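The values are calculated or read from the model by the stated rules, or taken from the named source; none is laboratory data. Keep in mind that this is a model prediction, so the values were computed, not measured. Backbone-built Cβ (ideal geometry, glycine too); neighbour counts: all protein chains shown.
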Amino acid sequence: MLVVGGGGREHALTMGLVASPSVGEVHVAPGNAGTSLVATNHPFSADDVDALVGLAQSLECDLVIVGPEGPLVDGLADRLRLAGIPCFGPHEAGAQLEGSKLYAKQTMQDLNIPTAGIHLIKSESQIADALNDFSPPWVVKRDVLAGGKGVVVTSDRNEAETTLLEGVKTDGFVLLEEFLSGEEASMLIMLDESGWVALPASQDHKRVGEGDTGPNTGGMGAYAPAPVVTDVVRQKVYSQIVEPMHKWLSSQEIPYRGCLYVGLMIDESDDPYVVEYNVRFGDPETQVTIPLISSDLYELLFSVATGQVATHTPIFSDASALTVVLAAEGYPNSPRKGLPISIETAMIANEDGGAFIHHAGTRYDVDGELVSSGGRVLASTGIAPSLDEARNLAYSLMDGIILEGSHFRGDIGFRAL
Ligand code: AMP
Ligand code: GLY
(Lines give C-alpha, C1' and ligand atoms only; values in the text may rest on other atoms or scores of the structure.)
(Ligands and ions follow the chains in the order given, each with its own letter.)
Protein backbone atom coordinates (compact mmCIF):
# COMPACT_ATOMS: atom_id res chain seq x y z
CA MET A 1 0.00 0.00 0.00
CA LEU A 2 1.09 3.56 -0.57
CA VAL A 3 -0.54 6.34 1.44
CA VAL A 4 -0.01 9.83 -0.01
CA GLY A 5 0.18 12.72 2.45
CA GLY A 6 1.68 13.54 5.79
CA GLY A 7 -1.01 14.74 8.19
CA GLY A 8 -3.09 13.30 11.00
CA ARG A 9 -5.52 11.91 8.42
CA GLU A 10 -2.74 9.92 6.76
CA HIS A 11 -1.49 8.65 10.13
CA ALA A 12 -5.00 7.40 10.90
CA LEU A 13 -5.29 5.71 7.48
CA THR A 14 -1.85 4.16 7.90
CA MET A 15 -2.74 2.80 11.34
CA GLY A 16 -5.96 1.31 9.93
CA LEU A 17 -4.08 -0.38 7.06
CA VAL A 18 -1.31 -1.69 9.29
CA ALA A 19 -4.00 -3.35 11.44
CA SER A 20 -5.42 -5.20 8.41
CA PRO A 21 -4.42 -8.86 8.15
CA SER A 22 -4.57 -8.56 4.33
CA VAL A 23 -1.88 -5.91 4.18
CA GLY A 24 1.82 -6.72 3.84
CA GLU A 25 3.72 -3.45 3.72
CA VAL A 26 2.54 0.12 4.11
CA HIS A 27 4.54 2.98 2.58
CA VAL A 28 3.82 6.67 3.07
CA ALA A 29 4.92 9.75 1.10
CA PRO A 30 5.98 11.94 2.74
CA GLY A 31 4.44 10.78 6.05
CA ASN A 32 5.39 12.18 9.45
CA ALA A 33 7.13 11.01 12.61
CA GLY A 34 4.07 8.95 13.58
CA THR A 35 3.81 7.07 10.28
CA SER A 36 7.56 6.32 10.38
CA LEU A 37 6.96 4.27 13.54
CA VAL A 38 4.50 1.89 11.86
CA ALA A 39 5.31 2.12 8.13
CA THR A 40 8.05 3.22 5.71
CA ASN A 41 8.23 6.92 4.87
CA HIS A 42 9.51 8.19 1.52
CA PRO A 43 10.69 11.80 1.21
CA PHE A 44 8.47 12.82 -1.71
CA SER A 45 6.11 15.74 -1.56
CA ALA A 46 2.41 14.88 -1.82
CA ASP A 47 2.31 17.38 -4.72
CA ASP A 48 4.98 15.68 -6.80
CA VAL A 49 2.76 13.58 -9.06
CA ASP A 50 5.64 12.26 -11.23
CA ALA A 51 7.63 11.10 -8.22
CA LEU A 52 4.58 9.46 -6.61
CA VAL A 53 3.70 7.51 -9.75
CA GLY A 54 7.33 6.38 -10.01
CA LEU A 55 7.34 5.35 -6.34
CA ALA A 56 4.09 3.38 -6.66
CA GLN A 57 5.51 1.59 -9.70
CA SER A 58 8.86 0.79 -8.13
CA LEU A 59 7.17 -0.52 -4.97
CA GLU A 60 4.71 -2.52 -7.12
CA CYS A 61 1.86 -1.18 -5.01
CA ASP A 62 -1.49 -2.95 -5.00
CA LEU A 63 -3.32 0.17 -3.90
CA VAL A 64 -2.57 3.88 -3.53
CA ILE A 65 -4.66 5.90 -1.06
CA VAL A 66 -4.49 9.64 -1.64
CA GLY A 67 -5.02 11.83 1.43
CA PRO A 68 -4.94 15.48 0.26
CA GLU A 69 -6.85 17.08 -2.62
CA GLY A 70 -3.85 18.73 -4.33
CA PRO A 71 -2.48 15.68 -6.16
CA LEU A 72 -6.03 14.56 -7.09
CA VAL A 73 -6.72 17.94 -8.69
CA ASP A 74 -3.37 17.52 -10.48
CA GLY A 75 -4.37 14.16 -11.95
CA LEU A 76 -2.52 11.64 -9.76
CA ALA A 77 -5.40 9.14 -9.91
CA ASP A 78 -5.56 9.34 -13.72
CA ARG A 79 -1.82 8.70 -13.97
CA LEU A 80 -1.99 5.71 -11.59
CA ARG A 81 -4.88 4.16 -13.47
CA LEU A 82 -2.95 4.47 -16.73
CA ALA A 83 -0.14 2.62 -14.95
CA GLY A 84 -2.61 -0.10 -13.89
CA ILE A 85 -2.44 0.71 -10.17
CA PRO A 86 -5.77 0.96 -8.29
CA CYS A 87 -6.17 4.35 -6.64
CA PHE A 88 -8.49 5.40 -3.83
CA GLY A 89 -9.22 8.98 -4.81
CA PRO A 90 -11.01 10.44 -7.85
CA HIS A 91 -9.63 11.43 -11.22
CA GLU A 92 -8.84 15.03 -12.13
CA ALA A 93 -12.32 15.90 -13.42
CA GLY A 94 -14.01 14.42 -10.32
CA ALA A 95 -11.63 16.36 -8.08
CA GLN A 96 -13.02 19.60 -9.54
CA LEU A 97 -15.87 19.27 -7.05
CA GLU A 98 -13.34 20.48 -4.51
CA GLY A 99 -10.91 22.22 -6.86
CA SER A 100 -13.57 24.71 -7.97
CA LYS A 101 -16.30 25.94 -5.63
CA LEU A 102 -18.08 27.49 -8.61
CA TYR A 103 -18.15 24.17 -10.47
CA ALA A 104 -19.40 22.39 -7.34
CA LYS A 105 -22.14 25.00 -6.89
CA GLN A 106 -23.24 24.76 -10.54
CA THR A 107 -23.34 20.97 -10.27
CA MET A 108 -25.49 21.11 -7.14
CA GLN A 109 -27.84 23.61 -8.77
CA ASP A 110 -28.16 21.39 -11.87
CA LEU A 111 -28.95 18.37 -9.68
CA ASN A 112 -31.31 20.29 -7.36
CA ILE A 113 -29.16 19.47 -4.34
CA PRO A 114 -29.96 21.78 -1.40
CA THR A 115 -27.22 24.38 -0.92
CA ALA A 116 -26.82 28.13 -0.31
CA GLY A 117 -27.49 30.55 -3.16
CA ILE A 118 -24.58 32.57 -4.57
CA HIS A 119 -23.66 35.67 -6.49
CA LEU A 120 -20.66 35.38 -8.79
CA ILE A 121 -18.84 38.70 -8.59
CA LYS A 122 -16.49 39.71 -11.37
CA SER A 123 -16.28 43.47 -10.94
CA GLU A 124 -16.42 46.12 -8.25
CA SER A 125 -19.69 47.49 -9.66
CA GLN A 126 -21.55 44.26 -8.77
CA ILE A 127 -20.62 44.29 -5.08
CA ALA A 128 -23.21 46.66 -3.59
CA ASP A 129 -26.23 45.00 -5.23
CA ALA A 130 -25.03 41.56 -4.26
CA LEU A 131 -24.56 42.58 -0.61
CA ASN A 132 -28.03 44.14 -0.61
CA ASP A 133 -29.54 40.92 -1.92
CA PHE A 134 -28.35 38.77 1.02
CA SER A 135 -28.87 39.68 4.65
CA PRO A 136 -25.87 39.62 6.99
CA PRO A 137 -23.76 37.79 7.98
CA TRP A 138 -22.12 37.61 4.56
CA VAL A 139 -20.07 34.63 3.39
CA VAL A 140 -17.24 35.46 0.99
CA LYS A 141 -15.42 32.58 -0.71
CA ARG A 142 -12.38 32.72 -2.93
CA ASP A 143 -12.38 29.94 -5.52
CA VAL A 144 -8.94 28.61 -4.61
CA LEU A 145 -7.74 25.58 -2.67
CA ALA A 146 -7.13 27.08 0.75
CA GLY A 147 -7.47 24.21 3.22
CA GLY A 148 -10.71 25.61 4.70
CA LYS A 149 -9.10 29.01 5.22
CA GLY A 150 -10.30 30.84 2.07
CA VAL A 151 -13.69 31.73 3.56
CA VAL A 152 -14.66 34.89 5.42
CA VAL A 153 -17.95 35.04 7.35
CA THR A 154 -18.70 38.56 8.58
CA SER A 155 -21.55 40.88 9.59
CA ASP A 156 -19.35 43.92 8.98
CA ARG A 157 -20.35 45.30 5.58
CA ASN A 158 -17.04 47.11 5.13
CA GLU A 159 -15.10 43.90 5.74
CA ALA A 160 -17.35 41.99 3.32
CA GLU A 161 -16.83 44.70 0.69
CA THR A 162 -13.06 44.78 1.14
CA THR A 163 -12.79 40.99 1.00
CA LEU A 164 -14.92 40.83 -2.15
CA LEU A 165 -12.87 43.53 -3.81
CA GLU A 166 -9.61 41.81 -2.90
CA GLY A 167 -10.96 38.56 -4.37
CA VAL A 168 -11.90 40.26 -7.64
CA LYS A 169 -8.44 41.88 -7.85
CA THR A 170 -6.47 38.72 -6.98
CA ASP A 171 -8.47 36.01 -8.74
CA GLY A 172 -10.65 37.84 -11.29
CA PHE A 173 -13.84 36.71 -9.51
CA VAL A 174 -15.15 35.81 -6.08
CA LEU A 175 -18.31 34.22 -4.64
CA LEU A 176 -20.74 35.82 -2.22
CA GLU A 177 -22.78 33.08 -0.61
CA GLU A 178 -26.03 33.13 1.29
CA PHE A 179 -25.47 32.47 5.01
CA LEU A 180 -26.76 29.12 6.25
CA SER A 181 -27.61 28.84 9.93
CA GLY A 182 -27.74 25.64 11.91
CA GLU A 183 -25.28 22.98 13.00
CA GLU A 184 -22.52 21.54 10.83
CA ALA A 185 -21.72 17.87 10.28
CA SER A 186 -19.48 15.90 7.95
CA MET A 187 -20.47 12.75 6.08
CA LEU A 188 -17.71 10.72 4.48
CA ILE A 189 -19.15 8.66 1.62
CA MET A 190 -17.08 5.82 0.14
CA LEU A 191 -18.28 5.96 -3.43
CA ASP A 192 -17.70 4.35 -6.81
CA GLU A 193 -19.83 3.61 -9.87
CA SER A 194 -21.27 0.45 -8.28
CA GLY A 195 -22.65 2.12 -5.14
CA TRP A 196 -21.68 3.90 -1.94
CA VAL A 197 -21.30 3.41 1.81
CA ALA A 198 -21.49 6.17 4.44
CA LEU A 199 -19.08 6.19 7.39
CA PRO A 200 -20.46 7.32 10.78
CA ALA A 201 -21.33 11.04 10.67
CA SER A 202 -18.85 13.30 12.42
CA GLN A 203 -18.58 16.92 13.49
CA ASP A 204 -15.50 19.08 13.03
CA HIS A 205 -14.67 22.29 14.95
CA LYS A 206 -13.50 24.74 12.29
CA ARG A 207 -12.89 27.87 14.33
CA VAL A 208 -9.63 28.24 16.21
CA GLY A 209 -11.19 29.35 19.52
CA GLU A 210 -13.45 27.80 22.12
CA GLY A 211 -17.18 28.34 21.61
CA ASP A 212 -16.53 28.49 17.83
CA THR A 213 -14.80 31.88 17.85
CA GLY A 214 -11.88 33.32 15.86
CA PRO A 215 -10.73 32.53 12.33
CA ASN A 216 -11.45 29.33 10.40
CA THR A 217 -8.81 26.60 10.48
CA GLY A 218 -8.38 23.21 8.81
CA GLY A 219 -10.17 21.77 11.88
CA MET A 220 -9.35 21.83 15.60
CA GLY A 221 -11.03 18.61 16.69
CA ALA A 222 -13.85 16.24 15.82
CA TYR A 223 -16.04 13.48 17.15
CA ALA A 224 -18.21 10.68 15.80
CA PRO A 225 -20.94 9.66 15.66
CA ALA A 226 -22.49 13.14 15.62
CA PRO A 227 -25.99 13.03 17.19
CA VAL A 228 -27.13 16.03 15.10
CA VAL A 229 -27.33 13.53 12.23
CA THR A 230 -30.43 11.73 13.42
CA ASP A 231 -32.01 8.93 11.38
CA VAL A 232 -34.37 11.47 9.83
CA VAL A 233 -31.51 13.79 8.83
CA ARG A 234 -29.49 10.86 7.54
CA GLN A 235 -32.31 9.69 5.26
CA LYS A 236 -32.70 13.23 3.88
CA VAL A 237 -28.94 13.45 3.24
CA TYR A 238 -29.02 10.13 1.42
CA SER A 239 -32.04 10.87 -0.76
CA GLN A 240 -31.53 14.60 -1.43
CA ILE A 241 -27.73 14.79 -1.60
CA VAL A 242 -25.89 11.47 -1.92
CA GLU A 243 -28.19 9.60 -4.32
CA PRO A 244 -28.42 12.36 -6.98
CA MET A 245 -24.68 12.93 -6.74
CA HIS A 246 -23.94 9.22 -7.05
CA LYS A 247 -26.24 8.88 -10.03
CA TRP A 248 -24.62 11.81 -11.79
CA LEU A 249 -21.03 10.77 -10.97
CA SER A 250 -21.75 7.23 -12.16
CA SER A 251 -22.97 8.54 -15.51
CA GLN A 252 -19.61 10.17 -16.24
CA GLU A 253 -17.17 8.61 -18.64
CA ILE A 254 -14.54 8.06 -15.95
CA PRO A 255 -16.05 6.83 -12.67
CA TYR A 256 -15.48 8.60 -9.36
CA ARG A 257 -13.71 6.23 -6.98
CA GLY A 258 -12.86 7.55 -3.55
CA CYS A 259 -14.27 9.47 -0.63
CA LEU A 260 -16.88 12.12 -1.28
CA TYR A 261 -16.81 14.37 1.79
CA VAL A 262 -20.14 16.11 2.24
CA GLY A 263 -19.89 19.17 4.48
CA LEU A 264 -23.41 19.81 5.79
CA MET A 265 -25.37 22.51 7.54
CA ILE A 266 -28.46 21.13 9.28
CA ASP A 267 -31.10 23.76 9.97
CA GLU A 268 -33.72 24.03 12.74
CA SER A 269 -36.20 21.97 10.68
CA ASP A 270 -33.65 19.15 10.34
CA ASP A 271 -33.14 19.99 6.68
CA PRO A 272 -29.59 19.41 5.38
CA TYR A 273 -27.75 21.80 3.02
CA VAL A 274 -24.37 21.23 1.40
CA VAL A 275 -21.76 23.75 2.56
CA GLU A 276 -18.98 22.14 0.54
CA TYR A 277 -17.83 18.96 -1.14
CA ASN A 278 -14.35 17.66 -0.67
CA VAL A 279 -12.96 14.83 -2.76
CA ARG A 280 -10.96 13.21 0.03
CA PHE A 281 -11.19 12.16 3.64
CA GLY A 282 -11.57 15.02 6.13
CA ASP A 283 -8.87 15.96 8.58
CA PRO A 284 -9.52 15.54 11.56
CA GLU A 285 -12.77 13.66 10.74
CA THR A 286 -10.73 10.65 9.55
CA GLN A 287 -9.08 10.30 12.96
CA VAL A 288 -12.52 9.65 14.50
CA THR A 289 -14.18 7.62 11.74
CA ILE A 290 -11.50 5.15 10.65
CA PRO A 291 -11.15 3.73 14.21
CA LEU A 292 -14.92 3.07 14.19
CA ILE A 293 -14.64 0.70 11.21
CA SER A 294 -14.29 -2.73 12.78
CA SER A 295 -14.11 -4.65 9.50
CA ASP A 296 -11.01 -4.70 7.28
CA LEU A 297 -10.10 -1.16 6.12
CA TYR A 298 -8.03 -2.40 3.21
CA GLU A 299 -10.95 -4.41 1.81
CA LEU A 300 -13.21 -1.36 1.95
CA LEU A 301 -10.70 0.96 0.26
CA PHE A 302 -9.69 -1.60 -2.35
CA SER A 303 -13.31 -2.33 -3.25
CA VAL A 304 -13.87 1.40 -3.90
CA ALA A 305 -10.64 1.77 -5.89
CA THR A 306 -11.69 -1.11 -8.15
CA GLY A 307 -15.33 -0.09 -8.57
CA GLN A 308 -16.85 -2.85 -6.41
CA VAL A 309 -18.01 -1.16 -3.23
CA ALA A 310 -21.55 -2.50 -3.78
CA THR A 311 -20.22 -5.97 -2.99
CA HIS A 312 -18.60 -4.92 0.29
CA THR A 313 -20.44 -4.45 3.59
CA PRO A 314 -18.29 -2.80 6.22
CA ILE A 315 -19.02 -3.30 9.91
CA PHE A 316 -18.96 -0.33 12.28
CA SER A 317 -18.34 -0.39 16.01
CA ASP A 318 -20.93 1.32 18.24
CA ALA A 319 -18.20 3.12 20.20
CA SER A 320 -17.65 6.87 20.14
CA ALA A 321 -14.45 8.63 19.13
CA LEU A 322 -13.22 12.14 19.86
CA THR A 323 -10.03 13.84 18.73
CA VAL A 324 -8.43 17.06 19.94
CA VAL A 325 -5.91 18.85 17.70
CA LEU A 326 -2.79 20.42 19.18
CA ALA A 327 -1.84 23.42 17.01
CA ALA A 328 1.43 25.34 16.86
CA GLU A 329 1.77 28.85 18.22
CA GLY A 330 0.48 31.29 15.58
CA TYR A 331 -1.78 28.75 13.81
CA PRO A 332 -3.76 29.31 11.56
CA ASN A 333 -2.00 32.50 10.39
CA SER A 334 1.73 31.88 10.77
CA PRO A 335 2.53 28.72 12.72
CA ARG A 336 5.88 28.46 14.46
CA LYS A 337 7.77 25.30 13.48
CA GLY A 338 10.89 23.38 14.44
CA LEU A 339 10.30 23.22 18.22
CA PRO A 340 10.89 20.12 20.36
CA ILE A 341 7.84 18.08 21.41
CA SER A 342 7.62 15.95 24.50
CA ILE A 343 4.90 13.29 24.81
CA GLU A 344 4.45 11.79 28.26
CA THR A 345 2.11 8.94 27.24
CA ALA A 346 1.50 8.02 23.60
CA MET A 347 -1.18 5.39 24.18
CA ILE A 348 -3.70 4.06 26.64
CA ALA A 349 -5.16 0.67 25.80
CA ASN A 350 -8.12 -0.86 27.56
CA GLU A 351 -10.81 -3.44 26.77
CA ASP A 352 -13.32 -0.87 25.53
CA GLY A 353 -10.98 1.16 23.34
CA GLY A 354 -8.35 3.56 24.62
CA ALA A 355 -6.51 6.60 23.38
CA PHE A 356 -3.54 7.34 21.18
CA ILE A 357 -1.67 10.19 19.56
CA HIS A 358 -2.14 10.84 15.86
CA HIS A 359 0.85 12.70 14.45
CA ALA A 360 0.39 15.49 11.89
CA GLY A 361 3.09 18.19 11.56
CA THR A 362 5.89 16.22 13.24
CA ARG A 363 9.27 14.84 12.19
CA TYR A 364 12.37 13.41 13.75
CA ASP A 365 15.38 15.72 13.34
CA VAL A 366 18.94 14.52 12.64
CA ASP A 367 19.47 13.74 16.34
CA GLY A 368 16.31 11.66 16.48
CA GLU A 369 14.46 14.30 18.45
CA LEU A 370 10.73 14.79 17.81
CA VAL A 371 10.09 18.33 16.50
CA SER A 372 7.11 20.25 15.13
CA SER A 373 6.90 20.83 11.37
CA GLY A 374 3.39 22.12 10.67
CA GLY A 375 0.42 24.16 11.87
CA ARG A 376 -1.58 21.23 13.20
CA VAL A 377 1.04 19.21 15.05
CA LEU A 378 -0.64 16.29 16.81
CA ALA A 379 -4.10 15.05 17.69
CA SER A 380 -5.08 13.08 20.73
CA THR A 381 -7.86 10.60 20.00
CA GLY A 382 -10.00 8.71 22.51
CA ILE A 383 -12.25 5.73 21.69
CA ALA A 384 -14.77 4.54 24.30
CA PRO A 385 -18.33 3.27 24.71
CA SER A 386 -19.55 6.84 25.36
CA LEU A 387 -18.54 10.20 23.94
CA ASP A 388 -17.92 11.53 27.42
CA GLU A 389 -15.40 8.77 28.17
CA ALA A 390 -13.77 9.22 24.76
CA ARG A 391 -13.32 12.90 25.53
CA ASN A 392 -11.80 12.24 28.95
CA LEU A 393 -9.34 9.80 27.44
CA ALA A 394 -8.34 12.20 24.65
CA TYR A 395 -7.76 15.11 27.06
CA SER A 396 -5.85 12.94 29.50
CA LEU A 397 -3.23 12.19 26.83
CA MET A 398 -3.26 15.80 25.61
CA ASP A 399 -2.39 17.05 29.09
CA GLY A 400 0.91 15.14 28.91
CA ILE A 401 2.16 16.86 25.73
CA ILE A 402 4.63 19.74 25.92
CA LEU A 403 5.19 22.02 22.90
CA GLU A 404 6.09 25.63 23.63
CA GLY A 405 3.38 28.13 22.61
CA SER A 406 0.99 25.43 21.37
CA HIS A 407 -2.77 25.60 21.86
CA PHE A 408 -5.81 23.35 21.71
CA ARG A 409 -9.52 23.77 22.26
CA GLY A 410 -10.83 22.53 25.59
CA ASP A 411 -14.42 22.21 24.37
CA ILE A 412 -14.29 19.59 21.60
CA GLY A 413 -17.61 17.76 21.51
CA PHE A 414 -19.50 20.50 23.37
CA ARG A 415 -22.53 20.44 21.07
CA ALA A 416 -23.08 16.75 21.68
CA LEU A 417 -22.11 16.72 25.36
P1 AMP B 1 -15.79 25.85 3.23
O2 AMP B 1 -14.34 26.02 2.92
O3 AMP B 1 -16.70 26.16 2.08
O4 AMP B 1 -16.09 24.55 3.87
O5 AMP B 1 -16.12 26.88 4.41
C6 AMP B 1 -15.42 26.81 5.63
C7 AMP B 1 -16.37 27.04 6.77
O8 AMP B 1 -17.01 28.32 6.64
C9 AMP B 1 -17.53 26.06 6.86
O10 AMP B 1 -17.17 24.88 7.51
C11 AMP B 1 -18.55 26.86 7.64
O12 AMP B 1 -18.23 26.86 9.02
C13 AMP B 1 -18.34 28.25 7.11
N14 AMP B 1 -19.27 28.47 5.99
C15 AMP B 1 -19.00 28.28 4.69
N16 AMP B 1 -20.06 28.56 3.92
C17 AMP B 1 -21.05 28.94 4.74
C18 AMP B 1 -22.40 29.37 4.56
N19 AMP B 1 -22.95 29.48 3.34
N20 AMP B 1 -23.13 29.68 5.65
C21 AMP B 1 -22.58 29.58 6.89
N22 AMP B 1 -21.32 29.21 7.13
C23 AMP B 1 -20.54 28.88 6.08
N1 GLY C 1 -11.92 19.15 8.46
C2 GLY C 1 -12.32 19.74 7.26
C3 GLY C 1 -11.69 19.24 6.06
O4 GLY C 1 -11.01 18.23 6.06
O5 GLY C 1 -11.87 19.86 5.02
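Worth a mention:
- Evaluation of Tyr298 against (1) within 16 Å of ligand 2 (Cβ to nearest atom); (2) over 30 Å from Pro340 (Cα atoms); (3) not in a strand (DSSP E or B) (one fails), failing number: (1)
- Selection of segment 181-209 for residues being more than 10 Å from ligand 1 (Cβ to nearest atom) and within 16 Å of Gly330 (Cα to Cα) yields Val208, Gly209.
- Among residues of segment 150-180, those that are more than 8 Å from ligand 1 (Cβ to nearest atom) and either aromatic (Phe, Trp, Tyr) or in contact (Cβ under 8 Å) with a residue 60 or more places away in the chain (or both), counted: 2
- Residue within segment 214-233 that is under 21 Å from Ala104 (Cα atoms), surrounded by fewer than 21 Cβ atoms within 10 Å (Cβ to Cβ), within 16 Å of ligand 1 (Cβ to nearest atom) and not small (Gly, Ala, Ser) present: yes
- Condition broken by Ile113, with the remaining ones in (1) assigned to a helix (DSSP H, G or I); (2) surrounded by 17 or more Cβ atoms within 10 Å (Cβ to Cβ) satisfied: (1)
- Here Arg391 fits the description: buried (at least 24 other Cβ atoms within 10 Å of the Cβ), modelled with pLDDT of 95 or more, among the charged types (D, E, K, R) and closer than 25 Å to Leu13 by Cβ.
- Scoring Gly31 on the criteria (1) surrounded by fewer than 23 Cβ atoms within 10 Å (Cβ to Cβ); (2) under 18 Å from Phe281 (Cα atoms); (3) of a type outside the set (Ser, Thr, Tyr) leaves a single failure, condition (1).
- Segment 83-103, subset in contact with a helix residue (DSSP H, G or I) (Cβ under 9 Å, 6 or more places away or on another chain) and aliphatic (A, V, I, L, M), residue farthest from Leu55 (Cα to Cα): Leu97
- Single unsatisfied condition, Ile241 versus (1) surrounded by fewer than 16 Cβ atoms within 10 Å (Cβ to Cβ); (2) in contact (Cβ under 8 Å) with a residue 24 or more places away in the chain: (1)
- Within segment 48-70, the set of residues being in a helix (DSSP H, G or I) and within 20 Å of the chain's Cα centre (by Cα) comprises just one member, Gly70.
- Conditions (1) within 16 Å of ligand 2 (Cβ to nearest atom); (2) touching a Lys or Arg at 6+ places or on another chain (Cβ under 8 Å); (3) among the hydrophobic types (A, V, I, L, M, F, W, C); number of the one not met by Val49: (1)
- Given (1) within 30 Å of Val18 (Cα to Cα); (2) assigned to a strand (DSSP E or B), index of the condition Leu264 fails: (1)
- Just so you know, in segment 319-346 the residues that are of a type outside the set (A, V, I, L, M, F, W, C) and within 17 Å of Thr381 (Cβ to Cβ) include one that is surrounded by the fewest Cβ atoms within 10 Å (Cβ to Cβ), and it is Glu344.
- Pair list, Cβ under 7 Å, 6 or more apart: segment 83-94 residue within 11 Å of Gly307 (Cα to Cα), other residue outside any loop (DSSP other than H, G, I, E, B) and not aliphatic (A, V, I, L, M): Pro86/Phe302; Cys87/Arg81; Phe88/Gly258
- Residues that are polar (S, T, N, Q), within 16 Å of ligand 2 (Cβ to nearest atom) and not in a loop (DSSP other than H, G, I, E, B) within segment 197-248 comprise Ser202, Gln203, Asn216, listed in sequence order.
- Residue selected from segment 386-417 under the condition over 22 Å from the mean Cα position of the chain (by Cα) and among the hydrophobic types (A, V, I, L, M, F, W, C), by the criterion farthest from Glu351 (Cα to Cα): Leu403
- Matching entry among Ala12, Ala95 (being surrounded by 24 or more Cβ atoms within 10 Å (Cβ to Cβ), in a helix (DSSP H, G or I), within 16 Å of ligand 1 (Cβ to nearest atom) and within 18 Å of the chain's Cα centre (by Cα)): Ala95
- Test result for Tyr364, aromatic (Phe, Trp, Tyr), in contact with a Gly (Cβ under 6 Å, 6 or more places away or on another chain), surrounded by 12 or more Cβ atoms within 10 Å (Cβ to Cβ) and within 24 Å of Gly67 (Cβ to Cβ): no
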